[in-house]
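Data first, discussion second: the structure below is written as structure tokens.
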Amino acid sequence: MARYIFITGGVVSSLGKGLASAALGALLQARGYSVRLRKLDPYLNVDPGTMSPFEHGEVFVTDDGAETDLDLGHYERFTGVAARNSDSISSGRVYSTVLEKERRGDYLGKTIQVIPHVTNEIKDFIKIGDDEVDFMLCEIGGTVGDIEGLPFFEAIRQFAHERPRGECLFMHLTLLPYLAASGELKTKPTQHSVKELQSIGIAPDILVCRSEHEIPEKEREKLALFCNVRKESVIAAYDLKSIYEAPLAYHEQGLDQAVLDAFGITPAPKPKLHVWEDVKDRVNNPEGEVKIAIVGKYTQLEDAYKSINEALTHGGMKNRVKVRIEWVDAEIFDREDAAPHLEGYHAILVPGGFGERGTEGKIKAAQFAREHKIPYLGICLGMQMAVIEAARNLAGIETAGSEEFDHEAGKKRFEPVVYHLKEWVQGNHKVKRREGDDKGGTMRLGAYNATLNEGSKVAEVYGSTSIEERHRHRYEVDIKYREELEKQGLIFSGMSPDGKLPEIVEVKDHPWFIGVQFHPELKSKPFAPHPLFADFVRAAKDVSRLV
Ligand code: GLN
């Protein structure tokens, strides 16, 4: 049976609860324990799948096809434990399950209420698979006091109350604001936030305090006294140059020790931190720099491409270079020539996306990279754009386009080299979709295998001809153009095992031009950079050496 750590936040949002949870997970692993991390999100969407990246940042897809919060990406990147559908739950999902049960008559005529029906549902969720790991870390989204969050806080309170003593721990993250005029760090907001928690029956065991300044001993003592935690359990979280320093930084502040002490685990196993020492060294001591342009639509919000950003950083760590990422708004090329905006980059990446806006610009970016022999990585929509570009400019199919854009516009304008996929094979069964299906959870989602051509660039990069990668798309490159495009040098070098769905394309006679229908960025880790990103950055490094 697992021990539980509940992570809550107060004072302000965006304090880095996800990162603190992930770093703690990594530290417990370094002590030899197995962990799983979970996110409980109070919003009413069933999952973030239908939310705009502007709203919520990236949607992180799991192997088992769930569309989840981007914090699950942090968890995976720090612990290497593949997240599952059962690691992410929202109020929307809880309520829809409760309502389904009510309609089925499962509650035998009872009045359905937040307590106990909604809280029971949350508690059942928290427990899934708890016999598999030593520690289950559950992060509650939002901040204490949010109306939507109340059922979750109530559920974790009950949960801890019902378990044997010493099996659950509460860790609360807050901010210590700094008043420059008096040169002081203020503890009052944290005191209030802890009071708020205590008023709903939760007493934190560990306080993690974000601060831009060193926390003096006096303030630590004050926090311990007023918030009713041990002084050693007041953990400072200072700003870091890189998020990948977080495990070591938290270890130095004593977080993992405080957690093990609170559980009464003595003597605590010694931590093995060499992996994180190596990661820190690589991220802080690059030997060069490469400049990579990401030509996309959601360029104002970095979180929209969180995993790509991180995967490029990992690729840089592998090659010991700093990756300078510049975001280029694809819509600029709708009006202007791409060349002046793309010259000077060592590589170009076109990420995933939805809808027609900006796509002509992405097609121009793919053309620029192909013609100027600049390394190009096209991910999902970025692969589809590369195929459309080759169809138009190499195979002479002038009106080549994607059905996605015709559907959106409500009229037929394009020859659909990318079409709406309505039937495919998953494992040993057929999945079917229709026009006008619900938008939520109906894409081709999660892990699928692909078979790579022997001798292809990608087979060399992966060091294998059989791979498994995560997908999230509704449209697919039409295999019927394969022969024509291959004749022109666009090789379909990776296919679904049944040979029907193009998974990877690459340009022959080009130093590095690869488009993938899946999302390799989701599986990259700082201690195990994804081979495509590692080799893409290597190719960019080669270009940087030439100029
Ligand atoms: N919009 C495209 C599709 O649905 C690409 C999706 C993506 O890039 N994730 O196929």
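For the range 401-418, give me each residue that is near the ligand (Cβ under 10 Å from one of its atoms) and among the aromatic types (F, W, Y).
Selection gives F405 alone.
Can you tell which of L169, L185, L179 is touching a strand residue (DSSP E or B) at 6+ places or on another chain (Cβ under 9 Å) and modelled with pLDDT of 95 or more?
That would be L169, the only listed residue that is touching a strand residue (DSSP E or B) at 6+ places or on another chain (Cβ under 9 Å) and modelled with pLDDT of 95 or more.
Among the residues of the range 352-365, is there at least one that is more than 10 Å from the ligand (Cβ to nearest atom), touching a helix residue (DSSP H, G or I) at 6+ places or on another chain (Cβ under 9 Å), at negative phi and free of Cβ contacts under 8 Å to residues at least 12 places away in the same chain?
The answer is no, given that none of the residues of the range 352-365 is more than 10 Å from the ligand (Cβ to nearest atom), touching a helix residue (DSSP H, G or I) at 6+ places or on another chain (Cβ under 9 Å), at negative phi and free of Cβ contacts under 8 Å to residues at least 12 places away in the same chain.
Mind checking which residues of the range 376-400 are farther than 16 Å from L490 by Cβ and more than 12 Å from the ligand (Cβ to nearest atom)?
E398, T399
Suppose we keep only residues that are in contact with a Gly (Cβ under 9 Å, 6 or more places away or on another chain) and assigned to a loop (DSSP other than H, G, I, E, B) within the range 391-441. Which one would you say is farthest from A66 (Cα to Cα)?
L394
So which strands (runs of 3 or more DSSP E) are wholly in the range 202-316 and hold at least 2 residues that are in contact with a His (Cβ under 8 Å, 6 or more places away or on another chain) and within 30 Å of P375 (Cα to Cα)?
289-296
Only one of (1) open to solvent by 20 Å² or more (accessible area, probe 1.4 Å); (2) more than 16 Å from the ligand (Cβ to nearest atom) is not met by L452, so which one is it?
Every listed condition holds for L452 apart from (1).
Looking only at the range 366-390, filter to residues that are in contact (Cβ under 8 Å) with a residue 60 or more places away in the chain, within 17 Å of L342 (Cβ to Cβ) and assigned to a loop (DSSP other than H, G, I, E, B); which one of those is most open to solvent (accessible area, probe 1.4 Å)?
K373
Within the range 473-489, work out how many residues are of a type outside the set (A, V, I, L, M, F, W, C) and open to solvent by 30 Å² or more (accessible area, probe 1.4 Å).
Of the residues in that region, 8 qualify.
The values are calculated or read from the model by the stated rules, or taken from the named source; none is laboratory data. The structure presented is a predicted model; accordingly, all values stated were derived computationally and were not measured. For neighbour counting, all protein chains shown are included, and Cβ atoms are generated from backbone atoms with ideal geometry for every residue, glycine included. With ligands, DNA and RNA removed, areas are computed over all heavy atoms of the protein, side chains included. Shrake-Rupley method; radii C 1.70, N 1.55, O 1.52, S 1.80 Å.
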